[in-house]
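First up is the structure itself, then whatever we jot down about it.
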Amino acid sequence: NKPVTQEINIILKEGSLLEYFPDPIIGYKNSRYKQNTVVHMEKGTCFIATDIITSGWDSEGTMFSYDMLSSKTEVYLDGNMVILDHLRLNPPNQNINSLGFLEEHSHLGTMIVIGEKAENKFLTKLSESIESYDLKCKIGISMLSISGFTLRVMGFSTQEIEKVFNICHELIRKEWFGKSPVFLRKY
């Protein structure tokens with residue numbers, strides 16, 4: 001009678017870096033899922049996180065057959081809320097594939113990046129890097145009110161969205177930390 005709920009609480013102290021890439025969310029037929037993520041950061045930290053929502057799984061192959069899926073992220077920097085991102089999909093009561101929702105795409109990805117090196121120059125380089133690939137998805141990048149950005153991707157597969165996230169993640173590791181790419185997936 002109640003949705004499955006996942007609560008994630010993260011505390012980042014000065015000088016820390018968290019690269020958080022969980023598995024995609026796959027809503028099964030008639031399921032209800034709520035994810036609440038709360039991040040408390042101190043100045044001088046870096047937070048990189050992704051979230052991918054798929055069209056779900058149904059033995060008949062019907063897309064978006066889950067009842068409800070909610071993903072809410074709150075980020076606090078030095079005690080002040082700087083991000084509130086809440087995505088709620090309710091397929092029985094919404095036309096998910098219409099304009100303003102997924103526009104006929106089956107997957108949605110969100111990447112949140114907060115770090116002092118997130119400047120316009122870096123975003124220009126990131127945009128150019130993404131554009132150099134032949135990607136079939138829709139991508140949007142938005143600066144935050146603090147040093148950071150949100151990257152949204154609408155696509156047709158998990159792998160397509162992961163490709164965009166990997167391009168971004170590799171560039172961050174190289175440009176910001178002088179580190180090589182790292183593979184954070186189990187498959």
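The values are calculated or read from the model by the stated rules, or taken from the named source; none is laboratory data. As the structure is a prediction and not an experimental result, all values here were calculated from the model. Glycine gets a Cβ as well: all are built from the backbone with ideal geometry, and neighbour counts include every protein chain shown. Surface areas here come from the heavy atoms of the whole protein model, side chains and all, with no ligands, DNA or RNA. Shrake-Rupley method; radii C 1.70, N 1.55, O 1.52, S 1.80 Å.
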Next on the checklist: Among the residues of segment 69-86, what is the count of those that are closer than 16 Å to ILE25 by Cα and not in a strand (DSSP E or B)?
Outcome noted: 0
Item to check | Filter result (part of a strand (DSSP E or B), modelled with pLDDT under 95 and open to solvent by less than 50 Å² (accessible area, probe 1.4 Å)) within segment 52-68 | outcome: ILE53, MET68
Checklist outcome for this item: Counting only strands (runs of 3 or more DSSP E) wholly inside segment 1-41, the ones holding at least 3 residues that are without any contact (Cβ under 8 Å) to a residue 60 or more places away in the chain are 4-12, 32-41
Next on the checklist: Return the residues of segment 71-86 that are surrounded by 12 or more Cβ atoms within 10 Å (Cβ to Cβ), among the polar types (S, T, N, Q) and free of Cβ contacts under 8 Å to residues at least 40 places away in the same chain; say none if nothing qualifies.
Outcome noted: THR73
Item to check | All strands (runs of 3 or more DSSP E) inside segment 87-187 with 2 or more residues being in contact (Cβ under 8 Å) with a residue 12 or more places away in the chain and open to solvent by less than 20 Å² (accessible area, probe 1.4 Å) | outcome: 107-114, 148-155
